[in-house]
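**Q** Before anything else, here's the structure in question.
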Amino acid sequence: MTFEEYSSAGDVCTSDGEPISSKQADMNEAYSALASVYDKYNSESSIPLAAIAKRRGMEIIAPAPGVAFLDMAAGTGDMAMCFFEYQDIANHDAPSTATLVDLNADMLDIAKRRLGNTKWVKDGRVEFIEGNAEHISDIQNSTFDIYCCYLGMHNMVHRDRALSEAMRVLKPGGKIYVAEFNTGTWRIGKVVRRLLVQFVLYLITGTIGDRTMSLRLNRSALSFPSPPEFLQELKTAGFQVEGQGYRSIAYGLAALFSGTKPVECGSVL
């Protein structure tokens, strides 16, 4: 069965009762299998590449002091940690907050353990939510300055719903940042890029030791649309896109897309 053939019916629920689709349920199972080795492959397989790409991504985002940061598909909390480290070093910041949302409870538990003894948690500046990006019922309208989703959007069955939720929870003038594997546009370039991405994914998911789970993760990542196609999805969701709309990171293997919620949206969305 390909991912395109998955049912979108809400036949499975998260622990808080929110419905999720068949693909989301399968990806949830795959990430539970990956959770125990997730940090190991991040540091050893795609070697320092993942950490470098995340730090570079945060430098591009360049959050201002005192912002509210939403880390969607937060995994084990890497981007939230990059966010707070950036704020400490670049802005000598104390009031910024981060909310980590992930569908997978096992990954989120690791994030809680990793950040548990940090000053950021002790100061009450971190919140953890097990939830679905397509329907974040625990978050009110116009809450965040920054919505960041790092290598998580490809797992979402209904990207339009996820982007609509991103629009809703961002403040007017707030920014969305989505990092994904760059599937390319030029035919030959797409083939070469796909092979490189598959190699990186093999290094990452090979640590699971479960071929079925590895294939689920690989296929999901490679199913992401080309940069122009995803930029159109951002625009359709109502985001304003400036210039090219994305920056290459990880030596061109990934792209960091960005958009802005129009100020005139107010708090209606």
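Nothing in this text is a laboratory measurement; each read-out follows from the coordinates by a stated rule. Values in this document were obtained by computation on a predicted structure and should not be read as measured data. Cβ atoms come from the backbone with ideal geometry, glycine included; neighbour counts cover every protein chain shown.
**Q** For THR99, list long-range residues whose amide hydrogen, built 1.01 Å from N in the peptide plane, is under 5 Å from its own amide hydrogen.
**A** It is PHE69, LEU70, ASP71, GLU127, by chain and number.
**Q** Looking at this model, which pairs from LYS54/LYS235; LYS235/LYS261; LYS54/LYS122; LYS171/LYS261 are more than 18 angstrom apart at the alpha-carbon? Present the calculation step by step, with values, prior to reporting the outcome.
**A** Working: LYS54/LYS235 24 Å; LYS235/LYS261 10 Å; LYS54/LYS122 24 Å; LYS171/LYS261 7 Å.
Pairs exceeding 18 Å: LYS54/LYS235; LYS54/LYS122.
**Q** Also: Residue by residue through segment 231-245, what is 3J(HN,Hα) from phi via Karplus (6.51 cos²θ - 1.76 cosθ + 1.60, θ = phi - 60°)? Round to whole Hz and write x for glycine and proline.
**A** 4, 5, 5, 4, 5, 4, 6, x, 7, 7, 10, 9, x, 5, x
**Q** A further question on this structure: Each residue of segment 75-92 in turn: what ³J(HN,Hα) in whole Hz from Karplus with 6.51, -1.76, 1.60 and θ = phi - 60°, glycine and Pro shown as x?
**A** Rounded to whole hertz, the list is x, 8, x, 4, 5, 4, 5, 4, 4, 5, 5, 4, 4, 5, 7, 7, 10, 6.
**Q** How much net charge surrounds LEU70 when only other residues with a Cβ under 14 Å from its Cβ are counted (Lys, Arg +1; Asp, Glu -1)? All intermediate terms of the calculation are to be shown ahead of the outcome.
**A** Numbers: positive: ARG125, ARG168, LYS171, LYS175, LYS261; negative: ASP71, ASP102, GLU127, ASP138, ASP145, GLU165.
With Lys, Arg at +1 and Asp, Glu at -1, the neighbours total -1.
**Q** List, in order, the whole-Hz ³J(HN,Hα) value for each residue of segment 143-158 obtained from phi through the Karplus relation with A = 6.51, B = -1.76, C = 1.60 and θ = phi - 60°; use x for Gly and Pro.
**A** 9, 10, 7, 9, 10, 10, 10, 9, 6, x, 5, 5, 8, 8, 5, 10
**Q** Residues with amide H under 5 Å of ALA254's amide H, sequence separation 5 or more or different chain, H placed in the peptide plane at 1.01 Å from N; which?
**A** HN-HN under 5 Å from ALA254: ASN182, ILE249.
**Q** Calculate, in nm to one decimal, what ARG113 and ASP138 gain on full extension: separation in residues at 0.36 nm each, minus their alpha carbon distance.
**A** 6.8 nm
**Q** Here's another thing I want to ask about it. Using amide H atoms built in the peptide plane, which far-off residues or other-chain residues are under 5 Å from GLY173 H to H?
**A** LYS261, VAL263
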